[in-house]
Amino acid sequence: MYLLLPAAANEVKRLVGWQKVSLVGGQLESVTVTVNANDSPHPLAYWNATNHAWTIASGRRRCIWEFVRKPAASGNVPDAVDRMGEA
């Protein structure tokens, strides 16, 4: 799952979590990705060089998630990446 940060963060998108799920054709699976703002990589903050501190930018944050499909015969080569949603 990627987090789109406000402009003050100087970053377009940041990977904040992921979950690997193996599915067979037609199978559905619910996946939960939890993002803790206090984790050491500071997923919701950016480094403020002026204040020498991690800062959580004001403004709206959006999450996007992508799914990579890999056909069974292809090994590790993705068939396609689908951007499935935004919240």
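Since every read-out is calculated from the coordinates, none of them should be taken as a lab result. If you're wondering where the values come from, they're calculated on a predicted model, not measured in any experiment. When we count neighbours, we look across all protein chains shown, and the Cβ atoms used for this are built from the backbone with ideal geometry, even at glycine.
Working from label points 7 Å from Cα in the Cα-to-Cβ sense, the A53 to A37 distance is 1.5 nm. Taking each residue as 0.36 nm, the span from V21 to F67 lengthens on full extension beyond its C-alpha to C-alpha distance by 15.6 nm.
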